[in-house]
């Protein structure tokens, strides 16, 4: 009798230890639908990217479960970020970040989740930017525009997003480097930014090459500078801002994937594995080309460092711009 | 002549069995999405986009566009029957549509909204086909001062939404304008009236607020009036289930008004179908011979906004297809789709891919006919909902409202907001404040403030920019005329009284 009484707990303990060690050695594999959180409504940049990636991952058979895109708009990325933070330890949820996930918490007191609270997985995309003017405007290059702005201080205008967006930060850096001053007018949607430039109501816009491409081809827009280190393959005749003698730090617009805080190591490894293979596929390369994105592949400690560096850089730029920095 | 040839090319594309089939699937899905509050065409198209990758691209856009304009047909159903706006552009439809339903004319209201949708939808396609490039160029002339003037014109419509007391209407409007300021300020990225709530950073959800004020408020008021009372008169006989010839005659101008306003406003990237529907309702009341009856169940009050929100769908495709500029969420997804399918949406799209554009145009003619044929027989069926006893109907309204509002952002917070706005709607009914004026403020507040600040940034603080430009000056002039109408009417009624007293 006694033997049995002792044997029973021992057996149980053994089974538990065995099963646990089994679990440790086993790789993570999603067992149900994966939830992909984006901070824009349907049709926003993150939403379109997430939906495309969900589709392409399935097409390449890199994930065995469905990936469902969940829109959590509100307060820039704040609502989506706090949703992810609430999902602490959740293994079947990921989120698609952009640069605004770094800048927004810096200026918004209520946005109490920072990108450092989340688990970095991979950076996938770097979106280059160019400076565009109307094709029938007198500005043939960056110098023309800067000189015109100096002659008429604060008379010219640029259309863009919020004041913490890359558009405005690039303007502030350009103004600081050149001493010229012009206005920045916020519009909530990309469509309005572009139509105000095409209508001649503003004179300049920081725009993504994909968005500008067709307008250039149709003769509506002219690109006067590339805000990139090297000239863009699609716009080989457009000199970079540095080539035009203006040395400013370039702010990357990055997009990629994070997970909720406190997810197990295996989950991180799983996603890194998936995206390692995904990054090399032809379908992904084709997607990057169609959208004129740069491959921004970066993972692990490199991505953590990227977030840290970007936070420091953004804090400085925002402070110089006179924005209220809260953290 | 060239257009005719192109249109024939379009029909040859659209009439292939595959395209016809997917057009039908699209419009059926669209109708369903429109009927259900919450889940909108944007979310639906986003979900279905991956499925279209393997399709022929023209087929894909025909199907997805079908969802887009089909949803505008369905949006009126719950507005009329249950006072739940099915889409944000169907809010105005509640005003007269629901009153018609209470008077036993639900069938006529549903029928006229299907017919108005068909007429205006078809006019929208005609416009898309004939005047897209010049209209797109005209829309580019709209800068912030013009949008400001448009929003002021919209606000002036409050005159037509007021009941007995203009003061109460203005108060409700101001509260609506205030609610629109809640959230993150676009220009400074600072938060306003969020009370430290992350969930309020994005502002108050429009669907949650409107469903609360209209549907929940209505249920609360009715619950109070001794449960068993008959809310809906029921139509007797089949004849009353559809609009009469007289109804159609009454709506002649509403069809035209809705079509033109919807199409033109739709082509402006910064406006939207909700603004269009308010404007056309206001215009309809302004020219009406019996303006005092609006809000009590007038059939033109349903036809005008329903026409406007359907013509808007055609208008919204104008900047998308001629310039590659999306005006709203749904068109942004269609743009994403075009890129995913390998097109380069922009000013050269129509020229380089005539089969895509003309196939779509032709399919929209067909789609509008399909929608009419689909929707008219559904009218008597939907109208049967009102036969349900109140103890089934009220829980049903609450259920649909909760599910609908939750599904917009998957947010329980929005459901609580709906409850709060329901309470507000109840109090407003009790105290005789017009709920529509509150909603008008919410619809326009954001755009009004934005356009004003953008204009002043453009002009370095010089306020004359708002009136000195030709388009904005004209629009502001009309707004001023509308605002003077009640005064003129008052004076006239005094004069009549005086003359009567003398004689």
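So that you can scan it fast, the table gives a plain yes or no per residue for (1) part of a helix (DSSP H, G or I); (2) within 14 Å of chain B (Cβ to nearest Cβ):
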{"position": "A:106", "(1), (2)": "yes, yes"}
{"position": "A:113", "(1), (2)": "no, yes"}
{"position": "A:158", "(1), (2)": "no, yes"}
{"position": "A:163", "(1), (2)": "no, yes"}
{"position": "A:172", "(1), (2)": "yes, yes"}
{"position": "A:175", "(1), (2)": "yes, no"}
Tell me, please, whether a residue that is under 27 Å from residue B:196 (Cα atoms) and surrounded by fewer than 21 Cβ atoms within 10 Å (Cβ to Cβ) can be found in the range A:173-192.
yes
Selected residue (criterion: surrounded by the most Cβ atoms within 10 Å (Cβ to Cβ)) from residues of the range A:201-215 that are in contact with a strand residue (DSSP E or B) (Cβ under 6 Å, 6 or more places away or on another chain) and facing another protein chain (nearest Cβ under 9 Å)
A:202
Within the range B:258-277, is there a residue that is closer than 19 Å to residue B:64 by Cα and more than 14 Å from chain A (Cβ to nearest Cβ)?
yes
So residue A:245 ticks every box in (1) on the phi < 0 side of the Ramachandran plot; (2) more than 9 Å from every other protein chain (Cβ to nearest Cβ); (3) assigned to a loop (DSSP other than H, G, I, E, B) but one. Which box is left unticked?
(1)
Pick from A:121, A:131: which is more than 14 Å from chain B (Cβ to nearest Cβ), over 22 Å from residue A:304 (Cα atoms) and assigned to a strand (DSSP E or B)?
A:131
In the range B:184-215, how many residues are more than 7 Å from chain A (Cβ to nearest Cβ) and buried (at least 17 other Cβ atoms within 10 Å of the Cβ)?
14
Evaluate the following for residue B:65: is it modelled with pLDDT of 85 or more, buried (at least 19 other Cβ atoms within 10 Å of the Cβ), within 14 Å of chain A (Cβ to nearest Cβ) and not in a loop (DSSP other than H, G, I, E, B)?
no
Among the numbered criteria (1) surrounded by fewer than 20 Cβ atoms within 10 Å (Cβ to Cβ); (2) farther than 30 Å from residue A:153 by Cα, which single criterion is violated by residue B:405?
(1)
Only one of (1) farther than 16 Å from residue B:378 by Cα; (2) touching a helix residue (DSSP H, G or I) at 6+ places or on another chain (Cβ under 7 Å); (3) in a helix (DSSP H, G or I) does not apply to residue B:47, and that is (2)
Every residue in the range A:81-99 that is more than 13 Å from residue A:256 (Cβ to Cβ) and within 14 Å of the chain's Cα centre (by Cα), please.
A:81
Being crowded, with 20+ Cβ neighbours inside 10 Å and within 23 Å of the chain's Cα centre (by Cα) is the filter here; which residues of the range B:40-55 pass it?
B:40, B:41, B:42, B:43, B:44, B:45, B:46
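The values are calculated or read from the model by the stated rules, or taken from the named source; none is laboratory data. Keep in mind that this is a model prediction, so the values were computed, not measured. Cβ coordinates were reconstructed from backbone atoms using ideal geometry, including for glycine residues, and neighbour counts include every protein chain displayed.
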